[in-house]
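Novice: One structure is given below, represented as structure tokens, and several questions about it will come after.
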Amino acid sequence: MLDLALTRKNYKLGLKITIKTIVSIVLIALAIGLPQIVHLTVGSKGGMIWLPMYLPVLLAGCVLGVWWGLGVGIASPILSFLLTSINNNPMPALNRLPFMIVELAVFAVISGLFSKKINKNKWMAFPAIILAQLAGRVTFILMALIFQNVSGLSVEVVISQIRTGVSGLILQAVALPFIVIGLSIFLNKEKKND
């Protein structure tokens, strides 16, 4: 979505990369900061209920596309873990980190696959977010099934965590597409003003 807007403005490759890098850094910062804010305001269970790290990653896929979104999806949980480990309170927890990396990578890739479609039809933001959420959650369950003997994270625990986060998924499935639609309208409005 963003790439097409930058291409329409005839931005050179170096400037495109700079803009995408800045947007990626902002989204990674949001993915690290939003969980901290949620934990401070609604308590430690807030992250499991509202899934705040998911929102910037899904947004990254829709706005930046597959590859840049994938970078945000992988970097966000790793950097969050490293930064929060300084205070001996790592988020996500070490046993959950590999699962989050893969799950968020799936979120970013699936939503990223819709990036160009959203640019043509802004309403594609809804299936982009919903399908990305479903694919990510299914991946989470499959990983738990495959690695439960070594990770200590059983399928039952994962399904329980998914149930806990249903409110957050629903809220994001409703609200996030409107954010993406707003960005799409803004980027296409710029096109008309050129």
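Novice: One residue is enough: does the stretch 12-25 have a residue meeting the conditions exposed (fewer than 14 other Cβ atoms within 10 Å of the Cβ) and either in contact with a Pro (Cβ under 7 Å, 6 or more places away or on another chain) or closer than 16 Å to Ile78 by Cα (or both)?
Specialist: Checked the stretch 12-25: at least one residue is exposed (fewer than 14 other Cβ atoms within 10 Å of the Cβ) and either in contact with a Pro (Cβ under 7 Å, 6 or more places away or on another chain) or closer than 16 Å to Ile78 by Cα (or both).
Novice: Only one of Met1, Met48 is of a type outside the set (D, E, K, R), open to solvent by less than 20 Å² (accessible area, probe 1.4 Å) and at pLDDT below 95. Can you tell me which?
Specialist: From the options Met1, Met48, the qualifying one is Met1.
Novice: With the checklist (1) surrounded by 14 or more Cβ atoms within 10 Å (Cβ to Cβ); (2) closer than 22 Å to Met53 by Cα; (3) more than 17 Å from the chain's Cα centre (by Cα) in hand, flag the one item Ser160 doesn't pass.
Specialist: (1)
Novice: Within the stretch 113-134, restricting attention to residues that are in a helix (DSSP H, G or I) and closer than 7 Å to Cys62 by Cβ, which residue is farthest from the chain's Cα centre (by Cα)?
Specialist: Here the residue is Ile118.
Novice: Based on this model, can you work out whether Ala75 counts as under 14 Å from the mean Cα position of the chain (by Cα), surrounded by 23 or more Cβ atoms within 10 Å (Cβ to Cβ) and either of a type outside the set (Val, Ile, Thr) or over 20 Å from Phe178 (Cα atoms) (or both)?
Specialist: For Ala75, the condition - under 14 Å from the mean Cα position of the chain (by Cα), surrounded by 23 or more Cβ atoms within 10 Å (Cβ to Cβ) and either of a type outside the set (Val, Ile, Thr) or over 20 Å from Phe178 (Cα atoms) (or both) - is not met.
Novice: May I pose another question? Among Leu55, Leu83, Leu40, which is open to solvent by 30 Å² or more (accessible area, probe 1.4 Å), in a helix (DSSP H, G or I), at pLDDT below 95 and of a type outside the set (S, T, N, Q)?
Specialist: Leu40
The values are calculated or read from the model by the stated rules, or taken from the named source; none is laboratory data. As the structure is a prediction and not an experimental result, all values here were calculated from the model. Using ideal geometry, Cβ is built from the backbone for each residue, glycine included, and neighbour counts are taken over all protein chains shown. All accessible areas refer to the heavy atoms of the entire protein, side chains included, with ligands and DNA or RNA removed. Shrake-Rupley method; radii C 1.70, N 1.55, O 1.52, S 1.80 Å.
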